[in-house]
1. Can you run phi through the Karplus equation (6.51, -1.76, 1.60; θ = phi - 60°) for region 32-48 and list ³J(HN,Hα) in whole Hz, with x for Gly and Pro?
2. Helix-only mean residue ellipticity at 222 nm, the chain, DSSP H runs n ≥ 4 weighted -39,500 (n - 2.57), per residue, nearest 500. What is it?
3. Residues with amide H under 5 Å of Ser35's amide H, sequence separation 5 or more or different chain, H placed in the peptide plane at 1.01 Å from N; which?
4. Among 89-96, 16-23, how do they line up from the highest to the lowest mean number of other beta-carbon atoms within 10 Å?
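Read-outs: derived from the displayed coordinates by stated rules, not from any lab. Worth saying up front: this structure is predicted, and the values here are computed from it rather than measured. Reconstructed Cβ throughout: ideal geometry from the backbone, glycine too, with neighbour counts over all protein chains shown.
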Amino acid sequence: MTEQTEIQLTHPSGALYMAEPKGQEEWILSWPEGSRRFFGNRREATAELKREVSARPAAWDSEYEHDLTTYHGMIGAYLRLLQANPGKALVIEHESFAILLGENYVANCGAYYDGAPYIDHSCDLLESWWESRGCWCWDETPEQSASRVLQPVFVDID
């Protein structure tokens, strides 16, 4: 059996998009604004990465990168905050945290009974959880989602 190798694509803006193998059919798809898990073979991972590249504007508008009413804007903001605060988890909901796995993979995790992040059981922050009204499904308003980035609260990861 041959070992899987990384897949790299370049966006027209010059941004690098990558698919990194994590298992036989598990990949981490990553780009400057975020990342996510993908399950499938190499051909499927390549097709999914191409879809991600084509879904982004050719020239990034700096306002879009920071638009906290979009899924990609919010994940990008989480990524920047977590990269600037290593060893910390960002509170995104009561007993729910955004955490950084590796260098640029933002994941979600719940809390232990004492309120500490339970990183051993992390999951993707799914785009399907983002609502058309510009916030997470668990938040009442876009302002509530944005407040977690604008006034971040961090907890230590043990």
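1. Couplings: x, 8, x, 6, 7, 7, 9, 10, x, 7, 4, 4, 5, 5, 5, 4, 5 Hz.
2. That calculation yields -7500 deg cm²/dmol at 222 nm.
3. So Ser35 has HN proximity to Val106.
4. Answer by packing, highest mean first, reads 89-96, 16-23.
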